[in-house]
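The values are calculated or read from the model by the stated rules, or taken from the named source; none is laboratory data. Keep in mind that what you see is a predicted model, and the values were worked out from it rather than measured. With ideal geometry, Cβ positions are generated from the backbone for all residues, glycine too; neighbour counts draw on all protein chains shown. To get the accessible areas, we keep the full protein, side chains included, count just its heavy atoms, and leave off ligands, DNA and RNA. Shrake-Rupley method; radii C 1.70, N 1.55, O 1.52, S 1.80 Å.
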Amino acid sequence: MDERIPVSTILFSVGVLLTLIGLLFWARRRAAAIRERAAEREQEAMAMLLASGRSNPADAAEPDPPAEGEGLPKPIGRLLEDTASEKAAAAAREAARIAREEGAAKDLPPIDYGEVRRGPTAAEQAAAGLDPIEDLISQIMVDPPTGRNRRVQARPRVVERPAPAPAPVEARPPPESIGAGVPLRELVLAWYESRGYRGSPASPAVWPIELVLRHRDDAARAYAFVVQNDNISVDRITALIEQAREIGMLRVAVVAEAGYERGAKDVARKRNVRLIDRSVMDAELSALELPTAAKIIAVARKRSSPEASATAA
């Protein structure tokens, strides 16, 4: 069976292919021509805009009245829809409007800020026959009233009044101690007892160590209890520590009735010694709950009462 393709079909296919190729080339040339025209229109519009901006503002201050139907200028960006003449006219109208606004702003009267007083300049003084240097010297050097060459009267000296002294601030009294009126020794003992310590008398041979405070749950937790009525120095706290070490006490509680030196506080902190004055005791009581602190103060006050002292004696 003969299956040859007819010649007419081949010719038709070749014709269609040539037509498509021709259309492709035509479309490319058409697009290039459109782009070139668009670029030319944009250049013409920019040239008209620049030419309008460089023109004399006085000539553009009174432009011809716009034709009927003209409003705001059309946007220049629509290059493919507006003609070059329309874009040029729009650019000219926009430039004229800007020039009118600038001309109107220039024609505004100057703002009057009121009269400003100023001293005469060097040129004005020279025109008036005054030398600026001589004027300055005359202000510094005061001539006698009868001097012939005196031209400018000396300015009066302004004596500045001293600022009023600030009112003295009244010193506020320090806050009252929590356990005011109660001996510090009794407060410290009652506070240690509230933490589980019990005191037993020490031997008179180790005075001024009065008591040995031992914890009821752990006998190894013990303090040598000392009361000092004088200001505690570094040498004094060192001697008390050495005396406690001789009887096997590693911890010392010192009641400082009259305070202590700063160096003594540093030595005590390094060697397990508690220096307790009135401020330290107040801080410890403030950290407790109110009923507990009130109970400690009540116990200390009761022990320090004359009736309790007579009973102990």
Exactly one condition in (1) under 44 Å from the mean Cα position of the chain (by Cα); (2) closer than 18 Å to Gly199 by Cα; (3) open to solvent by 20 Å² or more (accessible area, probe 1.4 Å) is not met by Ile276; state its number.
(3)
Before we move on, is Gly263 open to solvent by less than 50 Å² (accessible area, probe 1.4 Å) and either acidic (Asp, Glu) or within 28 Å of Lys302 (Cα to Cα) (or both)?
no
Being out of contact with any helix residue (DSSP H, G or I) (no Cβ under 9 Å at 6 or more places or on another chain) and either part of a helix (DSSP H, G or I) or in contact (Cβ under 8 Å) with a residue 12 or more places away in the chain (or both) is true for just one of Ala239, Ala264. Which residue is that?
Ala239
Given the criteria open to solvent by less than 30 Å² (accessible area, probe 1.4 Å), closer than 28 Å to Arg301 by Cα, at pLDDT below 95 and of a type outside the set (A, V, I, L, M), does Pro208 qualify?
yes
Would you tally the residues in the stretch 198-236 being more than 18 Å from Met281 (Cβ to Cβ), of a type in the set (Val, Ile, Thr) and part of a strand (DSSP E or B)?
2
Sole miss for Met281 among (1) outside any helix (DSSP H, G or I); (2) open to solvent by less than 30 Å² (accessible area, probe 1.4 Å) is condition (1)
Which residues, counting only those in the stretch 285-306, are within 15 Å of Val182 (Cα to Cα), open to solvent by 30 Å² or more (accessible area, probe 1.4 Å) and either in contact with a Gly (Cβ under 8 Å, 6 or more places away or on another chain) or assigned to a helix (DSSP H, G or I) (or both)?
Ala294, Lys295, Ala298, Val299, Arg301, Lys302, Arg303, Pro306
List the residue pairs whose Cβ atoms are under 7 Å apart, where the first residue sits in the stretch 285-296 and is in contact (Cβ under 8 Å) with a residue 12 or more places away in the chain, the second is open to solvent by 60 Å² or more (accessible area, probe 1.4 Å) and in a helix (DSSP H, G or I), and the two are 6 or more positions apart or on different chains.
Thr292/Ser194; Ile296/Ser194
Here are the criteria: (1) under 15 Å from Val188 (Cα atoms); (2) open to solvent by 40 Å² or more (accessible area, probe 1.4 Å); (3) in contact with a Leu (Cβ under 7 Å, 6 or more places away or on another chain). Tell me which single one Ala256 does not satisfy.
(2)
Would you call Ser309 open to solvent by 60 Å² or more (accessible area, probe 1.4 Å) and either at pLDDT 90 or above or touching a His at 6+ places or on another chain (Cβ under 9 Å) (or both)?
no
